[in-house]
Amino acid sequence: MPTEKERLDVAEPQVALLISHVGQLAAELERVSSRLTVLERRLSGAGDGPLADLDAVTGEVAPLVEALRRAWDAEQEILADPARVELKQEVLEYEGLKARRDDARSRLDSGRVPRFERDALSHEVRQVEWLIHANAASAQRAAKRLEADEDAAAEEWRTEAVFAGDKARGEIKDAAARRISDALGQYARMPVWFRVGLGEIPTPDPSFWLESAIAVLAYRLEYGVTDAVSPLGAAPSASSGCQNWVRRTNVHADVTDRLTTLAATFHLQ
């Protein structure tokens, strides 16, 4: 039977070998952990390069933004199609009330209406006149707004500006795509709003993430959003019915849906 010393003589080299292996594994784990940290920072936009000024209105972006600003001003007096349809319907309904009242009056004035029908017509005239009075101010505002819309749409400078804006709107998305691609390629540090809104690049397919990033940047450039934290800034309102505000509100809703989808994807992961 081996003595205690003999057992220790056998065990000590094995323990030393195990300690050496543990040390090597710890060093390798530290190296891998450091590499993962770098990769995570790069994927999340927190690269180790210079801060990417994605919002800069410089270079190829400057003339596009200028064209979009001019288009915005041009569309300020032009109604969006849904708003125009709604106002026209309001005016038509008002004119319909007046026609209904005039028809009832004409029948009363003819003197060829039986007494029981005259009472019903008189009651109808009073009701319709009340509705006409109640809706007159709103219908007049609608008619004036439609007239202003028609006049604005006929102005040549507005037509040219809107056309140029539509062209610039497509081009600024391409410019935004190039700007984001360059920043990621240089491992630049992305702005806070970029990391807040878009998070890490998902795998294995980053296409939706990239499309969303382009949409966010194009929105910020077109509408002059400079909020350092919120990707899209304050939510716009389409209450004016103007074409520019309605479009911006619709685009804001679409991009917000994209960001919500990305957030849900990250949560599931």
Compute, for the stretch 72-142, the length of the dipole vector about the Cα centre, with Cβ point charges of +1 (Lys, Arg) and -1 (Asp, Glu) only. Units Debye, rounded to 20.
640
Interchain or sequence-distant (5+) residues whose placed amide H lies within less than 5 Å of the amide H of ARG189 are GLY47, GLY49, LEU51, ALA52
Residue-normalised value, i.e. accessible area per residue, for the stretch 62-110 at 1.4 Å probe, in Å², stands at 60
On alpha carbon coordinates alone, what is the Rg over Rh value for the chain, Rh being the Kirkwood radius?
1.39
Would you work out which of THR260, ILE172, VAL125 lies farthest towards the positive end of the dipole of the chain, given +1 charges on the beta-carbon of Lys and Arg and -1 on that of Asp and Glu, about the Cα centre?
VAL125
About the Cα centre, charge dipole magnitude for the chain (Lys/Arg +1, Asp/Glu -1 at Cβ), debye
700
Reachable aspartates and glutamates from LYS88, Cα under 17 Å, same-chain residues fewer than 8 places away excluded?
GLU77, GLU147, ASP149, GLU150, ASP151
If you put +1 on each Lys and Arg Cβ and -1 on each Asp and Glu Cβ, how big is the dipole of the stretch 135-269 around its Cα centre, in Debye rounded to 20?
400
Residue by residue through the stretch 215-223, what is 3J(HN,Hα) from phi via Karplus (6.51 cos²θ - 1.76 cosθ + 1.60, θ = phi - 60°)? Round to whole Hz and write x for glycine and proline.
5, 5, 5, 4, 5, 4, 5, 5, 9
Which of the peptides 63-71, 144-152, 110-118, 217-225 is most tightly packed, and how do the rest follow, going by the mean number of other Cβ atoms within 10 Å of each residue?
217-225, 63-71, 144-152, 110-118
Lys/Arg +1, Asp/Glu -1 at C-beta; the chain dipole; positive extreme among GLN24, ASN244, PRO114
PRO114
On C-alpha positions alone, give me the angle between the axis of helix 156-185 and the longest principal axis of the chain, in degrees, nearest 10.
10
Diffing the stretch 203-213: the Karplus 3J(HN,Hα) column from phi (6.51, -1.76, 1.60, θ = phi - 60°), in whole Hz with x for Gly and Pro, holds 10, x, 10, x, 4, 5, 4, 5, 4, 5, 4
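The values are calculated or read from the model by the stated rules, or taken from the named source; none is laboratory data. This one's a predicted model, so the numbers in the text were calculated from it and none came from an experiment. Because the Cβ atoms are built from the backbone with ideal geometry, glycine has one as well, and the counts that use them run over all protein chains shown. Just the protein is used for accessible areas: all its heavy atoms, side chains included, with ligands, DNA and RNA removed. Shrake-Rupley method; radii C 1.70, N 1.55, O 1.52, S 1.80 Å.
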